[in-house]
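Below is one structure, written out as structure tokens, with a few remarks after it.
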Amino acid sequence: VFVSVKELREFTKTIDELQVVFLTVIMCVLAVERLANNRGTRLTLVDGFMQPHLKAYGRKLERMDQSRKDARVFKITVWDPKQRSVDWPRFQVGVIYELKKIHGLKFYHDILQGSVQAVGPTNPGIIKEYQDFETANRARADQPDAAGPDENAGENDREELTP
């Protein structure tokens, strides 16, 4: 489980581009943008522990040059469920989310990006919302298999890699 953009960036640099990896992050939403094709949502995430300071941190990021700002955020595309009858998730700025089964990690102009398929009948529990970072950490610690493989991964999927 990654809670820091810096640690996630360092880990991503060590994996092979063709390697199939599913990750979990607990991070805070800095910005939410609905995709132009209306099939998903792009989230800009920052370290989960920045939640109490999010407004000030957001202003600080706005003043930074683009390359320094890009190194401090993680952009993830949350694709809508394949069944259009299932409501797509709505995200809020300043809220902590645990996102599981993130895949397709890559750098695009030094911005770390990834994607995840939104909750549907075939993959429940992929996205969890928490009031604050401490609550998310406690919930994660209470799970007996917190450091183990992703229990939702298919037979052909590799185990979730944790730092």
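Values quoted throughout were computed directly from the atomic coordinates according to the rules given, and no laboratory measurement underlies them. As the structure is a computational prediction, the values presented were derived from the model and not from experiment. Cβ placement follows ideal geometry from the backbone for every residue including glycine, while neighbour counts extend to all protein chains displayed.
Kindly put Lys69, Lys100 in sequence by how many other C-beta atoms sit within 10 Å of each C-beta, fewest to most. Provide the component values of the computation, followed by the final result.
Working: Lys69 15, Lys100 21.
Ascending Cβ contact count within 10 Å gives the list Lys69, Lys100.
Past the 19 Å Cα-Cα mark, which pairs from Lys13/Lys82; Lys13/Lys55; Lys6/Lys60; Lys6/Lys106; Lys75/Lys101?
On the way: Lys13/Lys82 31 Å; Lys13/Lys55 29 Å; Lys6/Lys60 17 Å; Lys6/Lys106 14 Å; Lys75/Lys101 15 Å.
Cα-Cα > 19 Å for Lys13/Lys82; Lys13/Lys55; rest within.
Taking R0 as 30 Å, what's the FRET efficiency between Arg39 and Ala141 from their Cβ-Cβ distance, rounded to 0.05?
0.30
Compute the FRET efficiency between Val20 and Lys128 as 1/(1 + (r/R0)^6), taking r as their Cβ-Cβ distance and R0 = 25 Å, and round to the nearest 0.05.
0.65
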